[in-house]
Every structure is written in C-alpha cells, then in structure tokens.
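Here's the structure we're looking at; comments come further down.
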Amino acid sequence: MSSTLKTADPEAEDLNTEILACENKVYATFLGPKPDVDALQELLLPDYLYIQFSGNIWTKEQNIRSLQSGVVFFSIEITNAQVKKLSPTSAVIVARVLIKAASGDRDLSSETITSTVWVKQGGKWLAQLHTSTAVAQG
C-alpha cells in the first residue's frame, strides 16, 4: 500500500512524502474485517465530503457508516500518485487506486482515479474532500 514520488525540489519531495503517507494512513484504516473507524475519524475534518464514483456525495458520518456495512477490504494499492501544493496549508493528491474488496461472496474490487484535498490544521494534515472515479475502460 505505497507508491513513491520523486522530484528535484526537496520541499516538494517532503510534501509528496507527507501527503502520500496521509493517504496511505486513511486506506490502512479500511483493511481487514473491521475498519478502524476511530483512527479514520482522526484523519478527516468534521465537514469532510466524499464524492463517490457512482455520483453520490457522502458526509464524514455517511462514509464511516458505509465502511461498517460488511465490506471487507483485502488490499489497497496507490499508484501513479501526484501531489500538488495548493497553498501553504493545503495540497491535493491524485492517484490510481487498486482495491481488492468483497461483501460476502460479492466481489467489490475496483480500479479508480482518486483525489484528496488535504488541509494542515494544528500541525496535522486532515482530509477535506475525497473524490473517486472509475478508470475508463479501453
């Protein structure tokens, strides 16, 4: 569940490393038969929103409830990550995400393009907005 980013700018490299680590922390909370909801809540701002690939917009609470619905995430891999600094206290990461998951016998594995806006508050990076789009076929 990692990806590496290389840049010639040391400051940008540090930001890339920090934001990718935050993204990995979020996905790590999903893994296994019981998601770590407490750890996830610590990584999200109170007014966090998730725009699903199906077009639904979920609040933080709705997103957390969906994680507790019985879906089991076996693995999540971030690839082709790109981090862009938006301001001194905000950044966005765009990446391809490969998810292996199931609900009972139903395979819910997917490959998506995601973006997450991260905001630095109190010395911590917190997720503000996450979007997910199905990878185009063909």
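Some values worked out for this structure:
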item	result
Tally, over segment 127-138, of residues that are open to solvent by 70 Å² or more (accessible area, probe 1.4 Å) and assigned to a strand (DSSP E or B)	1
Of all residues making up segment 94-115, the number that are within 10 Å of the chain's Cα centre (by Cα) and not hydrophobic (A, V, I, L, M, F, W, C)	2
Only one of Lys100, Lys124, Lys85 that is touching a helix residue (DSSP H, G or I) at 6+ places or on another chain (Cβ under 7 Å) and open to solvent by 80 Å² or more (accessible area, probe 1.4 Å)	Lys85
Those helices (runs of 4 or more DSSP H) lying entirely in segment 1-111 with at least 2 residues without any contact (Cβ under 8 Å) to a residue 12 or more places away in the chain and over 23 Å from Lys124 (Cα atoms)	60-67
Selection from segment 50-60 of residues that are open to solvent by 70 Å² or more (accessible area, probe 1.4 Å) and at pLDDT 95 or above	Ile57
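The values are calculated or read from the model by the stated rules, or taken from the named source; none is laboratory data. Keep in mind the model is a prediction, meaning the values are calculated, not measured. Every residue, glycine as well, gets a Cβ built from its backbone with ideal geometry; the counts of neighbours run over all protein chains shown. Ligands, DNA and RNA are excluded from the accessible area calculation, which covers all protein heavy atoms including side chains. Shrake-Rupley method; radii C 1.70, N 1.55, O 1.52, S 1.80 Å.
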